[in-house]
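All of the numbers you see were taken from the coordinates with simple rules; none came from a lab. These numbers come from a predicted model, not from an experiment. Please note: Cβ atoms are built from the backbone with ideal geometry, for glycine as well, and neighbour counts cover all protein chains shown.
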Amino acid sequence: MALPTRRIFLLPPGLFTAREAVSWAGANERVNVAVVGVRGRGRDHIDGWVKGPNVTVAAVCDIDSGNVERAQAFTAQLGGGQPRGYADMRKVLEDKSIHAVSIATCNHWHALGTIWALRAGKDVYCEKPVSHNLREGRLMVEAARKYNRIVQAGMQSRSTPHKIEAVGLLREGVIGKLYMAKGLCHKRRKSIGRSPDGPVPPGVDYDMWLGPAPMRPFNPNRFHYNWHWFWDTGNGDIGNQGVHELDICRWGLGVSGLPKKVWSSGGKFIYDDDQETPNTQTALLDYGQAQIEFEVRGLIANGEGSVEWDGQNTIGNIFYGSEGYLCLDAYGYHIYKGEKRELVRQHKVTGKVWDTQPHFDNFIAAVRSRKQGDLNCDILEGHLSAGLCHLANASYRLGRSLKVEPAKENFGADAEANAMLTRKYRAPYLIPDPV
């Protein structure tokens, strides 16, 4: 496969490079964090960083001035003081007092925001999926290594105690030799309906919000949260909720790299609305000695195994081995063995647990130690797990199975499929390649 056309990229004016960044380390020094994207998930980031050990939310940034003001007030309400407010991430990166950037933007901004921050000498916590396409993820890994920065992928299951315990048991052979891992995203999604194009809301920098995506008229149905369901900005539910369960599948099986073959099928059923991505999707990822099976069901669906059903959703994993199977979700795990499928062990989480805080704390610890190996979910792991979503979506959109060359992270001589490894970026929001 020919590599994508080299994109000439210049850092924004006034932005220093990582080599010029003031060195910072120390177990007892305060870590100054800037949160970028503060309407939804970004507020969770603010909450987590304020609760972190010796951490300050020094700045908040959003393309909506109203979101910036509300985030500043929210930070103060939590006892975190008054962070500086920005509309443009590039202004945040000019501030040499900022040590780390916490990215909770739309998917299509994850890679560009991360690479900008790395080149500016910042460490990064990036929400899942870390990339909008496969090539972006690899460039993020390359940038993290080139600039020797700490980058945590926001897949908090890697820091959740009972999930760590369950994966450890799988490694020990609790259900024998593993042959399949299944990810379940039976997450009820209502129709988004249809909405005409309209005026850009006051205080919103719409050009900046689109960033690398193609220019198009503003449509409210493509904006708040629903951006997940459009290919320009999101990756469907397989890349939204599903990336967590796909990561657990790969983690539990102990497979590194990409599979050798992928097949995905489904559709947008029942609803007649603006959504582009499927509300029903099945994917099979073939690793040779084991396979991953994944399901998106956005419509009314049943539970499966002993994975918790909360009345609407069944979200979790089932691992199958030569001696039994293990069901894992946010509430604990159950292990069944033998031909009679007898329950031999279970663990139930008591009380309400917010599983993101340990993941934030792990990132801060690695920022202080300056050791990438201290991270529970380094950017490489985030890239590979997001890659499973991108491979599945490529197969779904092309309507056929695809052979993968894992070492090259492409589809071999399949030009049509290889065209989906990247995208056409809108100037000046260009992903640097190489970094």
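Structure notes:
- For the chain, with +1 on Lys and Arg beta carbons and -1 on Asp and Glu, the positive-most of His99, Ala76, Asn226 along the dipole: His99
- By the count of neighbouring beta-carbon atoms within 10 Å, fewest first, Trp309, Trp209 end up ordered Trp309, Trp209.
- Cα gyration tensor, region 319-435 - rounded (a/c under 1.5), prolate or oblate: oblate
- Gly121 long-range amide H proximity, modeled H, under 5 Å: Ala18
- Helix 242-253 and the longest principal axis of the Cα set of the chain meet at an angle near 60°.
- Each Lys or Arg adds one and each Asp or Glu subtracts one; over the other residues with Cβ under 11 Å from the Cβ of Asp286, this totals +2.
- Degrees between helix 161-171 axis and first principal axis of the chain (Cα, 0 to 90, nearest 10): 50 degrees
- Taking the Kirkwood radius as Rh and the Cα radius of gyration as Rg, region 175-260 has a ratio of Rg/Rh equal to 1.14.
- Under 20 Å from the Arg426 label point (7 Å along Cα→beta-carbon), backbone N, region 71-106: 87-91, 104-106
- Overall, the chain carries a charge dipole of about 540 debye about its Cα centre when +1 sits on the Cβ of Lys and Arg and -1 on the Cβ of Asp and Glu, all other atoms neutral.
- Ordering Ala415, Phe360, Val33 by the projection of their Cα atoms onto the charge dipole of the chain, which places +1 on the Cβ of Lys and Arg and -1 on the Cβ of Asp and Glu, puts Ala415 at the extreme positive end.
- Student exercise, region 306-412 dipole from Lys, Arg, Asp, Glu Cβ charges, in Debye to nearest 20: 160 debye
- Mean Cα-pair separation over length for the chain, i.e. relative contact order, pairs under 8 Å, 6 or more apart, %: 21 percent
- Sorting Cys61, Cys106, Cys249 from the fewest to the most surrounding beta carbons within 10 angstrom yields Cys106, Cys249, Cys61.
- Dipole magnitude for region 167-219: about 540 debye, using +1 per Lys or Arg Cβ and -1 per Asp or Glu Cβ, origin at the Cα centre.
- Cα gyration tensor, region 279-365 - rounded (a/c under 1.5), prolate or oblate: rounded
- Using alpha-carbon coordinates, inclination of helix 356-369 to the longest axis of the chain, degrees: 60 degrees
- Where only C-alpha atoms are counted, convex hull volume of region 129-183 per residue in Å³: 137 Å³
- Net charge of Cβ neighbours under 14 Å - reference Val60; Lys, Arg +1; Asp, Glu -1: -1
- Ranked list, fewest to most other Cβ atoms within 10 Å of each Cβ, for Met89, Met140: Met89, Met140
- Only beta bridges with both residues in the chain are counted; by DSSP, about 65 percent of them are antiparallel.
- Anisotropy class of region 122-248 from Cα gyration tensor, a/c 1.5 cut: oblate
- The chain: calculated mean residue ellipticity at 222 nm from DSSP helix runs of at least 4, using -39500 (n - 2.57): -8500 deg cm²/dmol
- The chain: most fluctuating residue of Arg341, Arg90, Arg135 per GNM, C-alpha cutoff 10 Å: Arg341
- Convex hull volume of region 58-149 per residue (C-alpha atoms, cubic angstrom): 87 Å³
- Across every direction, the projection of the convex hull enclosing the Cα atoms of the chain has a mean area of 20.8 nm².
- Karplus (6.51, -1.76, 1.60) ³J(HN,Hα), θ = phi - 60°, over region 204-214, in Hz, Gly and Pro reported as x: 9, 8, 5, 4, 5, 4, 5, x, x, 6, x
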